[in-house]
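Here's the structure, in structure tokens; my notes come after.
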């Protein structure tokens with residue numbers, strides 16, 4: 001049985017981010033892929049009056065094809081199994097236009113155990129191969145250093161610390177240090193929250 005009290009343990013995003021109404025769905029689920037919460041923008045997009053209404057629901061409870069909801073849940077399971085942040089893509093047609101749903105999901109680990117996933121999704125109208133990121137005015141807003149920005153431009157694209165380190169030719173430990181510094185400067189408790197917060201300030205073309 002789903003216990004709503006469990007949501008008290010999942011305070012993983014800054015309060016301001018949970019009320020963020022930009023073009024990003026922010027959410028988190030338990031180990032059975034039942035929703036524990038989401039931001040206001042996602043709730044409204046799903047036809048809910050309050051984000052709390054999503055608690056205990058799964059992707060099967062929404063008006064989307066079963067094969068789509070099955071895919072979303074399989075993605076959750078893969079993230080929990082691998083214990084790694086992963087980026088997923090799904091393509092669909094809306095009003096004659098081909099759109100791409102991008103989801104970045106991370107495992108939620110407490111006391112060494114995977115307890116669920118958390119992440120963000122957004123819709124873009126460009127194919128995957130055209131996805132390029134470059135920093136805008138993030139440094140002025142959050143006082144990030146040039147190196148922190150350089151690291152984050154790969155992290156927001158769902159690159160792991162190891163992959164980012166290889167690209168930048170620095171150690172994984174150094175990448176992790178830059179990520180932790182960025183989290184402190186932005187008051188983000190998790191990497192997924194950091195990605196969700198910084199993503200709007202990067203230029204995708």
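Quick notes on this structure:
- Every residue from segment 124-150 that is surrounded by 15 or more Cβ atoms within 10 Å (Cβ to Cβ) and modelled with pLDDT under 85: 124, 131, 133, 135, 138, 142
- Within segment 151-180, being within 19 Å of the chain's Cα centre (by Cα) and surrounded by fewer than 17 Cβ atoms within 10 Å (Cβ to Cβ) holds for 160, 162, 163, 176, 180.
The values are calculated or read from the model by the stated rules, or taken from the named source; none is laboratory data. Fair warning: this is a prediction, and the values are worked out from it, not measured in the lab. All Cβ positions, glycine included, derive from the backbone under ideal geometry; neighbour counts span all protein chains shown.
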